[in-house]
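Chemist: Can you read through this structure? Questions will come right after.
The values are calculated or read from the model by the stated rules, or taken from the named source; none is laboratory data. Values in this document were obtained by computation on a predicted structure and should not be read as measured data. Quick reminder, even Gly has a Cβ in these numbers, built from the backbone with ideal geometry, and neighbours come from all protein chains shown.
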Amino acid sequence: MVVRVKFKGLKIANARGKYYVYRRETGEPLIKGFIGSRAELLQKLEDPEFIQVYNRPRLLKRRAGDFPIETLGGFVHWYTCGAIDDAKEGEVDGYPKWWKLAKSTRDDYLDAFDYLRPEFDIVLKDITQPALYEVRDTCANDKWARFADQMIAAGDADIVVEASRLPEPQPMLKTEWIKRSALVVPYGTMSAVELSLTDIMDKIVVDDWGQCRKGLPFGALRQHVDSGRLHEGNLHAELGQIVAGKRPGRASDDETILFWHRGLSITDIGLGHAMLIKANSMKTGQVLRFA
């Protein structure tokens, strides 16, 4: 299928063998110093990147809610419950926790999303990791560093914690995002990591192998255990062995380490005891009696 786009309001000029394309109304340069024939220039005007630049003023006027949910604009509209389009609380269904965020946090997100408005027509599945880095760098240059860091924090993080709550396994955390020397801590009930994640690890640690072995349900690395990628033979240690000095922890700065956090009841007991002591010292709290 061929889609033809009719350009309006463009001025094409040639100076010293180079072509320049401007918006006639505003004088904004869209192409500067193009070297080639006029036919090659017209071919460049058919490039999707140029069409996106040409459409930018129109996109700036469109509401995020006008874009399909498969696009960045549609996703932003859903995530902000329509707030990006000035909707009030309760007017638009979307991300359940949006209105629970602090107002200052919501304002930061809205400012950053508004900056991305010219890209709202991008289809989400077409957004690549290199593209995210490019946006991150652009955001940083334009003083949107906080939003930029949140976009691809995993790519630069020394510690990556996966704390999703998925209804079924889905590889959301990409192995390629993990840098050398990082500590990765997945502990979602359903796996949100790729099978290849364990392949890049120098050491894999668990809190209790008994809770990780084959035949048990759930866990971030359940597929890795059931498929044989992770087993007792290539497990580096249990956390208690490292704490007790029976197995070494990190041996060098460039080691990439994964800690599969399953959760131990004994830690809940320790935390509960600490909270009880603090409550007693503050003379606060109440006793709950169960029949």
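Chemist: What number goes with the only condition from (1) in contact with a strand residue (DSSP E or B) (Cβ under 6 Å, 6 or more places away or on another chain); (2) outside the structural domain of S164 (by TED's automatic domain parsing) that S281 does not pass?
Modeler: (1)
Chemist: Kindly evaluate L195 against the criterion of being within 21 Å of L230 (Cβ to Cβ) and modelled with pLDDT under 85. If you could, list the steps in order and put the result at the bottom.
Modeler: Details: within 21 Å of L230 (Cβ to Cβ): yes; modelled with pLDDT under 85: no.
Criteria not met by L195.
Chemist: Please verify whether E28 is among the charged types (D, E, K, R) and either at pLDDT 85 or above or under 24 Å from the mean Cα position of the chain (by Cα) (or both), treating the condition exactly as stated. Steps first, please.
Modeler: Values: among the charged types (D, E, K, R): yes; either at pLDDT 85 or above or under 24 Å from the mean Cα position of the chain (by Cα) (or both): no.
No, not satisfied.
Chemist: Within the bounds of region 210-223, is there any residue that is without any contact (Cβ under 8 Å) to a residue 12 or more places away in the chain, in a loop (DSSP other than H, G, I, E, B), closer than 30 Å to P96 by Cα and not basic (K, R)?
Modeler: Taking region 210-223 and keeping what is without any contact (Cβ under 8 Å) to a residue 12 or more places away in the chain, we get 210, 215-217.
Next, from what is left, pick out any that are in a loop (DSSP other than H, G, I, E, B): 215-217.
Adding the requirement that they be closer than 30 Å to P96 by Cα leaves 217.
Next, from what is left, pick out any that are not basic (K, R): 217.
Yes, region 210-223 has at least one match.
Chemist: Taking L132 and the conditions (1) surrounded by 13 or more Cβ atoms within 10 Å (Cβ to Cβ); (2) among the aliphatic types (A, V, I, L, M); (3) modelled with pLDDT under 80; (4) not assigned by TED's automatic domain parsing to the domain that holds L110, which numbered condition does it fall short on, given that it satisfies the others?
Modeler: Unmet condition: (4).
Chemist: For Q241, which of the numbered conditions (1) exposed (fewer than 12 other Cβ atoms within 10 Å of the Cβ); (2) more than 32 Å from the chain's Cα centre (by Cα); (3) within 30 Å of D158 (Cβ to Cβ) fails to hold?
Modeler: Going through (1) exposed (fewer than 12 other Cβ atoms within 10 Å of the Cβ); (2) more than 32 Å from the chain's Cα centre (by Cα); (3) within 30 Å of D158 (Cβ to Cβ) one by one, Q241 breaks only (1).
Chemist: When you scan region 216-232, do you find a residue that is surrounded by 15 or more Cβ atoms within 10 Å (Cβ to Cβ) and farther than 19 Å from G188 by Cα, even just one?
Modeler: So in region 216-232, the residues surrounded by 15 or more Cβ atoms within 10 Å (Cβ to Cβ) come out as 219-225, 229-230.
Filter once more, keeping what is farther than 19 Å from G188 by Cα: none.
Scanning region 216-232 turns up no residue that is surrounded by 15 or more Cβ atoms within 10 Å (Cβ to Cβ) and farther than 19 Å from G188 by Cα.
Chemist: Show the residue pairs that are 6+ apart or on different chains and have beta-carbon atoms under 9 Å apart, the first residue being within region 177-192 and more than 13 Å from R262 (Cα to Cα), the second being at pLDDT 90 or above and polar (S, T, N, Q).
Modeler: Final answer for the pair search is I178/T256; K179/T256; R180/T256; S181/S252; S181/T256; A182/T256; L183/T256; V184/T256.
Chemist: Considering only residues that are of a type in the set (D, E) and closer than 15 Å to V161 by Cα, which ones fall in region 193-215?
Modeler: Step one: of region 193-215, the residues of a type in the set (D, E) are 194, 199, 202, 207-208.
Within region 193-215, just E194 meets the criteria.
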